[in-house]
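Here is the structure we will look at.
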Amino acid sequence: MSKLITCEDAVKKVKSGSRIMVGGFGLVGSPLSLIAALAQTEVKDLEIISNNLGEPGRGLGVLVRQKQVKKAIGSYFTSNPEVVKAFLNKELEVELLPQGTMSEAIRAGGAGLGGFYTPVAVGTKIAEAKEERTLNGKKFVFQEPLKANVALIKAKKADQLGNLIYNKSARNFNPMMATAADVVIAEVDEIVEAGQISPEEIVTPHLYVDYIVLKGVK
């Protein structure tokens, strides 16, 4: 059965109230076609795990502007002043995580781990509600893993089976997110025949990918 579907059909996998992971660092490596399609739906109350929420009117910033996002979990939201405004107006809940902690929490979710202890954020507001332990004389806080109902990721190329390769820094959080969601939808720039991607090139094996969307195809 082909994994190739349209953007319109892909975003039907996202329901109101879903927790979704969205790849990207700024707009780089972000599945912009999928986000644009999601913005055309009536889906709301989304909980989004992403490094940031796009820019004003761009990327995930469109969903923020349309008030489709209930909560954001990530590291760097000040690139979008509309996110800051929504937070101050109590229209959006924000959970800040140091970038490395967020990355490792996603990896832990994909690996089936129960969480991990990290010295990062000890003594800060981020750590206030978290368990703290002293190990070998050093303080650590416990971070739970991150998982999602759906992951929307971006890759450079896929074969028809769903094996993925990425383009340089556009790789960012995408491979980890592909392991940590119940349903994984990959937006790609190009699709080739099975066997045309060398096994040594493959970053995300096809067994993690449920659906493929070709960039720009609605």
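The values are calculated or read from the model by the stated rules, or taken from the named source; none is laboratory data. Note that the coordinates shown come from a computational prediction; the quantities given were computed from them, not determined experimentally. Glycine also receives a Cβ, built like all others from the backbone with ideal geometry; neighbour counts cover every protein chain displayed. Surface accessibility is based on the protein's heavy atoms, side chains included, excluding ligands, DNA and RNA. Shrake-Rupley method; radii C 1.70, N 1.55, O 1.52, S 1.80 Å.
Put simply, of SER79, SER30, SER75, SER16 the only residue that is in contact with a Lys or Arg (Cβ under 7 Å, 6 or more places away or on another chain) and free of Cβ contacts under 8 Å to residues at least 60 places away in the same chain is SER16.
A quick yes/no check of all residues on (1) surrounded by 20 or more Cβ atoms within 10 Å (Cβ to Cβ); (2) of a type outside the set (D, E, K, R); (3) without any contact (Cβ under 8 Å) to a residue 40 or more places away in the chain; (4) outside any loop (DSSP other than H, G, I, E, B):
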| site | (1), (2), (3), (4) |
| --- | --- |
| LEU161 | no, yes, no, no |
| ASP182 | no, no, yes, yes |
| ILE185 | yes, yes, no, yes |
| ASP189 | no, no, yes, yes |
| GLN196 | no, yes, yes, no |
| PRO199 | no, yes, yes, no |
| ILE202 | no, yes, yes, no |
| GLY216 | no, yes, no, no |
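Mind listing whichever residues of region 112-154 are within 27 Å of LYS12 (Cα to Cα), out of contact with any Ser or Thr (no Cβ under 7 Å at 6 or more places or on another chain) and either open to solvent by 60 Å² or more (accessible area, probe 1.4 Å) or not in a loop (DSSP other than H, G, I, E, B) (or both)? Result: GLY112, LYS147, ALA148, ALA151, LEU152, ILE153.
Restricting ALA37, ALA105 to those that are in contact with a strand residue (DSSP E or B) (Cβ under 8 Å, 6 or more places away or on another chain), under 22 Å from ASN172 (Cβ atoms), touching a residue at least 40 places away in the same chain (Cβ under 8 Å) and crowded, with 16+ Cβ neighbours inside 10 Å reduces the list to ALA105. Being charged (D, E, K, R) and under 29 Å from HIS206 (Cβ atoms) holds for only one residue in GLU8, GLU42, GLU82, GLU55, and it is GLU8. Keeping to region 40-88, report how many residues are farther than 21 Å from LYS15 by Cα, among the aliphatic types (A, V, I, L, M) and open to solvent by less than 80 Å² (accessible area, probe 1.4 Å). Residues flagged as farther than 21 Å from LYS15 by Cα, among the aliphatic types (A, V, I, L, M) and open to solvent by less than 80 Å² (accessible area, probe 1.4 Å) within region 40-88 amount to 3.
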